[in-house]
Every structure is written in structure tokens, then in C-alpha cells.
1. If you roll a 1.4 angstrom probe over the protein chains with everything in place, what fraction of the accessible area of the chain belongs to carbon and sulfur, to the nearest %?
2. Quick one: accessible area per residue over the chain, 1.4 Å probe, rounded to a whole number of Å²?
3. Under a 5 Å amide H to amide H cut-off, with H placed in plane at 1.01 Å, what residues pair with residue 123 once short-range neighbours are removed?
4. Which of these values of Rg and Dmax of the Cα atoms in Å was calculated from the structure shown: (1) 15.1, 50; (2) 47.9, 152; (3) 25.3, 76?
5. Tell me which residues come under 5 Å, amide H to amide H, from residue 10 once H is placed; ignore anything under 5 positions away on its chain.
6. Please give the per residue volume of the convex hull enclosing the alpha carbon atoms of the range 89-128, rounded to a whole number of Å³.
Amino acid sequence: RIVSVCGMPVKSIHDVSIAEGEGCLKDMPEESAVVVVEQAPFGKRNRTPPEQRGWVFLERFCSMVKVAMVDESEIDRVLFSDSPKLIAKIQKGGARLRRAAIAGEESLRGVLEDFFSELNEKQFGSTS
């Protein structure tokens, strides 16, 4: 977001147009123009909640696969989070994958299709 042009506050694109066409930028050499831009602290802010982000879902799904692959006594060694709710969700998804794999190919295919359906509802973006 542009904060000011040549010390003049900018509230809208109209203010930038005025500075360019009639104001300080009109007769000023490019290298002398001062435009202040507000910098986001860590780049572009992602306003999509984590539960709706595609990349977050995929990371959690990978954790579910790890949970499904290890012995149940080893789950605490491969799963880390400061959110008990998230740990429970990943454990539940891992258990679901484990049961489906044990039940056979058709069962696993059905469970994976459910996960793919959920993935299709997620949003992917450059800041996902």
C-alpha cells in the first residue's frame, strides 16, 4: 500500500494520480521522487483460515499417513503439535487410513477418495 508521495498522504489511487499529473512528480526526475510504501511484516498476509488452506491440509494428510504407517505405540514419536484438537484430528485420520488399508484395496480407495473430496474444497494460493 502506498502511504505517501513526496510527503503528501495517499488515501486513494486518485491521490497518486494527482501527484503524478499535477503534483510533485510532474517535473521531478524519477530518481528524486520519494514514494513511501507500507511493508507487510512477513510479506503478503494470508487471510485464508488454516482449515481452508490446501497446503495445510496436505501437510496434515502426510502426518495422517505417517500415523497410519507406524505401530500405534510409536504415534507420539512421529506426531507433534501444540494443539490437542489437531493431534486428535490427525490421529483419527491416521486410524481411518490404517483400518482401510487393513480392510483391503477397495476400502482404502474409498477412504482416499473421501480425502481427495475434502482436498477439492480447500483453497490454494501463493501464500497458502
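The values are calculated or read from the model by the stated rules, or taken from the named source; none is laboratory data. Nothing here was measured: the structure is a model prediction, and the numbers come from that model. Quick note on the areas: whole protein, heavy atoms, side chains included, nothing else; ligands and nucleic acids left out. Shrake-Rupley method; radii C 1.70, N 1.55, O 1.52, S 1.80 Å.
1. Looking at the chain in its full context, I get 55 percent from C and S.
2. Value for the chain: 75 Å² per residue.
3. 53, 54
4. (3)
5. 4, 5
6. Values: hull volume 2.9 nm³, N = 40.
Enclosed volume per residue, from the Cα hull, is 71 Å³.
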